[in-house]
Amino acid sequence: MRQWRSALRLYRILRVLVRQQLDELLPQRLPGLRLARLLVRRRPEVSALSRGARLRLALEELGPIFVKFGQILSTRRDLMPPDIADELALLQDRVAPFPGAQARAQIEQALGQPIEALYASFDEKPLASASISQVHPATLADGREVVIKVLRPGIHQRIDDDLGLLRSFASMAEKLLPQRDRIRPSAIVAEIERTLVDELDLMREGANGSLLRRNFAGSTELYVPEMIWPLSRETVLTMERVHGIPLGDMAALRAANIDFEKLARRAVELFYQQVFRDNFFHADLHPGNILIDAADPADPRFIALDFGIMGALPLADQRYLAENFKALFEQNYRRIADLHLEAGWIPANVRSDELEGAVRAVCEPYFTRPLSEISLGEVLMKLFQVAHRYQLIIQPQLILLQKTLLNVEGLARTLWPKLDLWAVAKPVLEQVMADRYGWSAVGREIRARLPGWVIQAPELPRLLHDHLRQAVEGKSRVQLESASLEKLVRATRQGQRSIALAVLSAATLLAAALLSTLEPGQAPQLFGLPIAPLLGGVALALGLLALRPK
């Protein structure tokens, strides 16, 4: 049955693609393509449209899964031609709502009780409807207003079927189409699948929102609604209802006398706080997911909605990103090239000066623009394109961040076209570098690890004794060049001395790091000079002695 359903769906897809005159992009041996060409009449008005517009219209006609596919492709500007990426960015998730009675039945099935026992009131007319779910207003017994997000009936089956077809298309494309090493259709389909699986689990979305709410607890800049966990399941999510002005309603924002410049600066600052302070950022920031609290027009507050797509970066990627931006501010192209090489993302046979030249060619033209036209998201995209020339595969989390950064910059510039994004971002990133990688960060890391070191310290003599005993007994993995007892004893003594010096060096460095975290008036001094740098020098000397060849 499923095979027949998939075959019928494939034929319908081919009809749409042929009608939009996109069949030349398909593998010519694709089953059913010849039949679709025979049965579908080509319309001359379609020929007048650009290829990007034809692709956008086809994806919208094919339904929600293909719209998601196009939306993800639109973020891959490092892979897609600009004209196609621009058109795909216009894709809209236009889906008619499903009946409110069905939503009621879904909620009752998920929560196991009649709707009247769960909510004081429930409105079957949805507030909003999208491809994955729709939202209904309701009221709790205590009078609080809430909204209920409900998955569409049958959405799992529809997604499974369409993903199966997309995997088949991707597999054929990788065998038959050029540039397959660069575009990697299967990887893009896998990315779509991960995104959709996350969006189909409303408990996961609720957990995302709950964490973001905790990160900004008490904030006057961003508000996140409360999740109502007793009334939430995998297919139903109940959360606090919040009211505000939609970010896209510029007329209403002007009528409320909102401070647009402050709002624009705040949008950028909030994004960098999420990325670098919390390592957890909202990755679906379009106007439909953002409201503005205009209670204080001079100090407006953002309200975040829809937490299905969130991003996080490993610490190594955070540092890579912050260092790259810092080097961009300084126009230090050699540093950018070195960062790519240090990360191991570029083949070892690529020369640093060659990569530096490629980076300079991409970045230098941006510095001739007015500051109000410079985009860090666009520069980052160009750097990814440089990396692709050297067969680098960009990590998905960095692609997601770059897409979100472009969205945030676009929103900020819509609010205040003259906004200098660099002036807003630079102090935030400099503070991040100081907080994350400065001496104070070293001190915090040491203080966090110190209890564990103290617990493990008594074991150190026993471990050293066991290691030396194994060396004497010939069980050490180190291959000794001579088996003579005299050389063995000498090597053992030298090893003891090196280990002792290394331990002493580490302890001295630990003391220096702890002292460096004290306030200037609290740090001990020797002859009027702070002790921490002196101890650091002693630690370095001891370390060099420990490493000195014998």
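The values are calculated or read from the model by the stated rules, or taken from the named source; none is laboratory data. What you see is a predicted model, and the numbers here were worked out from it, not measured in a lab. Don't worry about glycine lacking a Cβ; one is built from the backbone with ideal geometry, like all the others, and counts go over all protein chains shown.
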Inset, instruction - With the condition kept exactly as written, say whether any residue in segment 356-367 is in the same structural domain as residue 329 (by TED's automatic domain parsing), in a helix (DSSP H, G or I) and modelled with pLDDT under 80. - result: yes
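Of the residues that sit in segment 368-386 and are of a type in the set (A, V, I, L, M, F, W, C) and assigned to a helix (DSSP H, G or I), which one is farthest from the chain's Cα centre (by Cα)?
371
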Inset, instruction - Could you please find all residues in segment 361-393 being of a type in the set (A, V, I, L, M) and under 15 Å from residue 336 (Cβ atoms)? - result: 361, 362, 376, 379, 380, 381, 383, 386, 387, 392
Inset, instruction - Using the structure shown, decide if residue 83 is surrounded by fewer than 16 Cβ atoms within 10 Å (Cβ to Cβ), among the charged types (D, E, K, R), modelled with pLDDT of 75 or more and within 30 Å of residue 402 (Cβ to Cβ). - result: yes
Legend entry - Filtered residues of segment 350-364 (kept if touching a Leu at 6+ places or on another chain (Cβ under 8 Å) and over 11 Å from residue 383 (Cβ atoms)): 350, 352
Inset, instruction - Of the conditions (1) polar (S, T, N, Q); (2) closer than 18 Å to residue 287 by Cα; (3) crowded, with 17+ Cβ neighbours inside 10 Å, residue 414 clears all except one; give me its number. - result: (3)
Legend entry - Matching residues, segment 192-221, being outside any loop (DSSP other than H, G, I, E, B) and of a type in the set (Asp, Glu): 193, 198, 199, 205
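Pick out the one residue from 137, 126, 114 that is crowded, with 16+ Cβ neighbours inside 10 Å and in contact with an Asp or Glu (Cβ under 7 Å, 6 or more places away or on another chain).
After applying the criteria, what remains is 137.
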Inset, instruction - May I ask you to verify whether residue 304 is closer than 30 Å to residue 325 by Cβ and hydrophobic (A, V, I, L, M, F, W, C)? - result: yes
Inset, instruction - Please determine, by comparing only the residues of segment 224-246 that are closer than 14 Å to residue 307 by Cα and without any contact (Cβ under 8 Å) to a residue 40 or more places away in the chain, which one is surrounded by the fewest Cβ atoms within 10 Å (Cβ to Cβ). - result: 226
Legend entry - Tabulated pairs, segment 247-261, first of a type in the set (Asp, Glu), second part of a helix (DSSP H, G or I), C-beta under 8 angstrom, 6+ apart or interchain: 261/415
Inset, instruction - Tell me, please, whether a residue that is surrounded by 21 or more Cβ atoms within 10 Å (Cβ to Cβ) and within 30 Å of residue 197 (Cβ to Cβ) can be found in segment 256-268. - result: yes
Inset, instruction - Among the residues of segment 232-257, count how many are under 23 Å from residue 142 (Cα atoms) and out of contact with any Leu (no Cβ under 6 Å at 6 or more places or on another chain). - result: 8
Legend entry - Identity of the residue in segment 304-340, of a type in the set (D, E, K, R) and outside any loop (DSSP other than H, G, I, E, B), that ends up surrounded by the fewest Cβ atoms within 10 Å (Cβ to Cβ): 334
Legend entry - So residue 279, is it surrounded by fewer than 22 Cβ atoms within 10 Å (Cβ to Cβ), polar (S, T, N, Q) and free of Cβ contacts under 8 Å to residues at least 24 places away in the same chain: no
